[in-house]
1. Identify, please: which residue in segment 254-311 is within 19 Å of L187 (Cα to Cα) and in contact with a strand residue (DSSP E or B) (Cβ under 6 Å, 6 or more places away or on another chain) and is, among those, nearest to the ligand (Cβ to nearest atom)?
2. Which of the residues spanning segment 320-333 are surrounded by fewer than 21 Cβ atoms within 10 Å (Cβ to Cβ), in contact with a Ser or Thr (Cβ under 9 Å, 6 or more places away or on another chain) and not charged (D, E, K, R)?
3. Is one or more of the residues making up segment 157-169 within 15 Å of the ligand (Cβ to nearest atom), over 27 Å from P234 (Cα atoms), touching a residue at least 24 places away in the same chain (Cβ under 8 Å) and buried (at least 17 other Cβ atoms within 10 Å of the Cβ)?
4. State all residues of segment 96-134 that are of a type in the set (K, R), over 17 Å from the mean Cα position of the chain (by Cα) and at pLDDT 95 or above; if no residue qualifies, say none.
5. Mind listing whichever residues of segment 121-161 are part of a loop (DSSP other than H, G, I, E, B) and over 30 Å from V426 (Cβ atoms)?
6. Output yes when any residue across segment 363-373 is assigned to a helix (DSSP H, G or I), within 16 Å of the ligand (Cβ to nearest atom) and either without any contact (Cβ under 8 Å) to a residue 12 or more places away in the chain or over 23 Å from H103 (Cβ atoms) (or both), and no when none is.
7. Specify which of the listed residues (L99, L10) is more than 18 Å from I319 (Cβ to Cβ) and assigned to a loop (DSSP other than H, G, I, E, B).
8. Within segment 377-405, track down each residue that is outside any helix (DSSP H, G or I) and within 20 Å of V169 (Cβ to Cβ).
Amino acid sequence: MSTHVSTTPLGDAWPPVRSPWPARDAPLYGQDFARDPFSYYARLRGAFGPVAPVTLEETGAFRGYLVLDHAHQLEILQNHGHVWTRDSRWYRDLAEGALPPDHPMIPQFTYRRSRLYAEGREHDRLSGPGNKALGELNLLRTRDLVEDLADQLVTSFFRDTPPRDRNDVDILGQYALQLPLLVMMRLMGMDEGSALATGDAIHEMLSGGPGAQRAASELDSRMRALVEEKQRSPGPDLVSWMHHHNREQPVPLDAHELSEEVWLQIVAGRGASTTWICNTVLELLTNPELNADVIAGRCPMDEAMNRVMWVNAPIQNLIGRWATQDTTLAGYRVNAGDMAIICLGATGADPAMLSASFDVSRTNRSHLAWGAGSHGCPAHELGTLIVRAGLEVLWNRLPGLRLAVPEEKLTWELPYIARSPTALPVSFPFPPTAPTNGQQWTAQPGFISNPPRPISTEPKARPSAPQGRLPRWRSLVAWWPRR
Ligand code: HEM
């Protein structure tokens, strides 16, 4: 007997399906798609127009409307008519158990009690403490933290490596995967022991292997323990500031909701930043004019990063949005419970966004790579800072960087959500230039101030214990597994 819930999240019976799935659809899987999704999106646009009905696996049960053009994407994300939701309990095929149960995408949108799946006032309530805590960051000091960790990672490239004319590293495994995660864990105020264990659990969970489920539960308990620890003993970190702002809320978040927010910020902060670093490295190493402009200072790193948001967006597809009522989309009749997939990877080639006279991709920020509307990214300043500082340290310390394999030899993950190569081997001449600020950091204060102590428990504010002292974090960078 099926254990699946067969009502809408409002508890009503699903309305009758009035419009059948379109007779013509296209596969959104397979080698053609993985190798060159951009040509694939262009072909879909040619065959179907701005919206294409697609299936995500061979049985055709996992399906949705792929939204290829900027105007329809914005309409759905801004959702002024309250037709679309990010609450995946509205995905009727999921609720009725019609999806292949072992499809690797399903965990990516399985409902959690967090802001990611909430709408309206509940979304405002759940996102309040997290957003306000992000607003407490001192971005200049955070930049120092990122640069210091980036310097340590670059230095680790030469650990145990004898001097050679050129050295090879995998920028994905040895740098881009590690830097944002190290930054996020440090910003959350983790000590070295829990950061090591959390890093292991995240690697394990994302590997999708047999231990993934266990690692996901371990992560949940670790987030919960961190939230409890910071309530007892606040420090200069995001979790303590979340507690502080949570106390001001009319309906505060409970411990579970707070730990969901911490989990989300770490995992979301890591994923897109990693891919943005990789895709910008690749863009620069395959676009000699742009790279020359960056090296000569004619183009700030920001502009190269912005170009990538258009031509190789870190998050390719938002899976998804679900219709809460029958509606229409670019001429298709959509039933309540149907899925739309926002194809950010296709936005850059939308004919309406291309100018015949000049290339606006460096400076035009109207791409949707940060999302839009109430679920748009709340941390674009922090994300930009991590990626920019990470790239600038690479470009400063490793002059002469180039791809170690021909671009055509790179293999790619299936670009359902993030699009990045499975490895990004680069080479550079030895020796590297010296780190610029590695020594300064030890003498600097934290990147965020101490939150005030709760008045009821402490008569006077007192400074908390120093968090994440650098010598220990140096060993964390040294420990991090090379892929
Ligand atoms: C650096 C590159 C980043 C990119 C390109 C990016 C992109 C995005 C996008 C497209 C969304 C919208 C998801 C949707 O509508 O379904 C989003 C949401 C989110 N991002 Fe980011 N992000 C980045 C970095 C970060 C960082 C560093 C954090 C850490 C705090 C973060 C935290 C979040 C959170 C919490 C949400 C959910 C917002 C909500 O549903 O209310 N992101 N991000």
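The values are calculated or read from the model by the stated rules, or taken from the named source; none is laboratory data. Worth saying up front: this structure is predicted, and the values here are computed from it rather than measured. So basically every Cβ, Gly included, is an ideal-geometry build from the backbone, and we count neighbours across all protein chains shown.
1. It comes out as A272.
2. First, the residues of segment 320-333 that are surrounded by fewer than 21 Cβ atoms within 10 Å (Cβ to Cβ): 324-333.
With the extra rule that they be in contact with a Ser or Thr (Cβ under 9 Å, 6 or more places away or on another chain), the set shrinks to 324, 326, 332-333.
Within segment 320-333, T324, Y332 qualify.
3. Let us first name the residues in segment 157-169 that are within 15 Å of the ligand (Cβ to nearest atom), namely none.
Among the residues of segment 157-169, not one is within 15 Å of the ligand (Cβ to nearest atom), over 27 Å from P234 (Cα atoms), touching a residue at least 24 places away in the same chain (Cβ under 8 Å) and buried (at least 17 other Cβ atoms within 10 Å of the Cβ), which makes the answer no.
4. Those that are of a type in the set (K, R), over 17 Å from the mean Cα position of the chain (by Cα) and at pLDDT 95 or above: R121, R125, K132.
5. Kept after step one, since they are part of a loop (DSSP other than H, G, I, E, B), are these residues of segment 121-161: 136-138, 157-161.
Those that are part of a loop (DSSP other than H, G, I, E, B) and over 30 Å from V426 (Cβ atoms): E136, L137, N138.
6. Narrowing segment 363-373 to residues assigned to a helix (DSSP H, G or I): 373.
After this cut, where a residue has to be within 16 Å of the ligand (Cβ to nearest atom) as well, the list is 373.
Within this subset, residues satisfying the condition of being either without any contact (Cβ under 8 Å) to a residue 12 or more places away in the chain or over 23 Å from H103 (Cβ atoms) (or both) are 373.
Yes, because at least one residue in segment 363-373 is assigned to a helix (DSSP H, G or I), within 16 Å of the ligand (Cβ to nearest atom) and either without any contact (Cβ under 8 Å) to a residue 12 or more places away in the chain or over 23 Å from H103 (Cβ atoms) (or both).
7. Values: L99 fails: more than 18 Å from I319 (Cβ to Cβ).
Every option except L10 fails the conditions.
8. If we filter segment 377-405 for residues that are outside any helix (DSSP H, G or I), which is where we start, we get 377-379, 398-405.
Listed by number, the residues that qualify are L398, P399, G400, L401, R402, L403, A404, V405.
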